[in-house]
1. Looking only at segment 65-114, which residues are surrounded by fewer than 18 Cβ atoms within 10 Å (Cβ to Cβ) and of a type in the set (Lys, Arg)?
2. Working carefully through the options Val137, Val108, Val100, Val149, find the one that is within 25 Å of Ala23 (Cβ to Cβ) and free of Cβ contacts under 8 Å to residues at least 40 places away in the same chain.
3. Being within 19 Å of Cys66 (Cα to Cα) and either of a type in the set (D, E, K, R) or modelled with pLDDT under 50 (or both) is the filter here, so list the residues in segment 1-42 that pass it.
4. Take the residues of segment 185-206 that are closer than 13 Å to Thr150 by Cβ and touching a Pro at 6+ places or on another chain (Cβ under 9 Å): which is surrounded by the most Cβ atoms within 10 Å (Cβ to Cβ)?
5. Output the number of residues of segment 180-213 satisfying the condition of being assigned to a loop (DSSP other than H, G, I, E, B), at negative phi, of a type outside the set (Lys, Arg) and out of contact with any helix residue (DSSP H, G or I) (no Cβ under 7 Å at 6 or more places or on another chain).
6. How many residues does segment 138-173 hold that are under 19 Å from Tyr190 (Cβ atoms) and surrounded by fewer than 17 Cβ atoms within 10 Å (Cβ to Cβ)?
Amino acid sequence: MKTLLTIFCLAITQFVQAQEYTAALAAAKMDLDSAWAQTTVPASDQICLPEQSHLLRKKQLSNHDCLEVAIKTARAQGAEAAVPWVVASQCYNPAGQDRVSKAGVDAVRYVMNTYGGGQAGIRGFNTPQVVAPEPVVTNYSFTNQTGEVTFMYTLDTDSPEATHDCKDFVYKGTLAVGRSYNTPVAKGKYLLVRFAPKQGKDGCLEAFKEFKVGPKPDQTVVMKEQLFIK
């Protein structure tokens, strides 16, 4: 009888744990495990995208280091604050980055359960929270299909009609062939993006492609739009 009870309890535990692994997390687990095993700092000429991940890593952290910081951040600030760090662990792996981004908080929980001593260590774990409405944004993805490395220049603005001096554009970096630059734009905001064949200190170069993007005035939900640079 005792043996049967033990088997039953184990079965229930395995069932509950299985329910915690969403489809998005199941797709991202291998990427997270691979990142944990990669302790070498990438070469300085490798491009880390998106910009948020680049700023977090500053070309001085390995993929493993990013997950270590994610664990510390989850303990100190909570799972949401740790998500950018698990995403940053994949900034040289576009496909993995997409999978980990979709897993989000579940990816943080997996890292904590597997490498960080358990999800109970996450600040605010199992604490009821008031969920704020998700801000209305459009997530834009600019993919380089020109066949050559391109140089990016961006400008944030509140007006879709205003004209801007080319000197107001900020150099964002290079975009390799086949890579994407991903960025959200909030409702009421607009983003101007220029792509040029060479580097400069601002946008006063002959651009071969320019975009002006932003959520539509009547947009009420988060959307995603992919744009191709050809």
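1. Scanning segment 65-114 gives Lys72, Arg75, Lys102.
2. The match here is Val108.
3. Lys29, Asp31, Asp33 - these are the residues of segment 1-42 that are within 19 Å of Cys66 (Cα to Cα) and either of a type in the set (D, E, K, R) or modelled with pLDDT under 50 (or both).
4. Leu205
5. The qualifying residues number 7.
6. Residues in segment 138-173 being under 19 Å from Tyr190 (Cβ atoms) and surrounded by fewer than 17 Cβ atoms within 10 Å (Cβ to Cβ): 16 in total.
The values are calculated or read from the model by the stated rules, or taken from the named source; none is laboratory data. Bear in mind the structure is a predicted one, so any value in this text is a computation, not a measurement. Methodologically, a virtual Cβ is constructed for each residue, glycine included, from the backbone with ideal geometry; neighbour enumeration extends over all protein chains shown.
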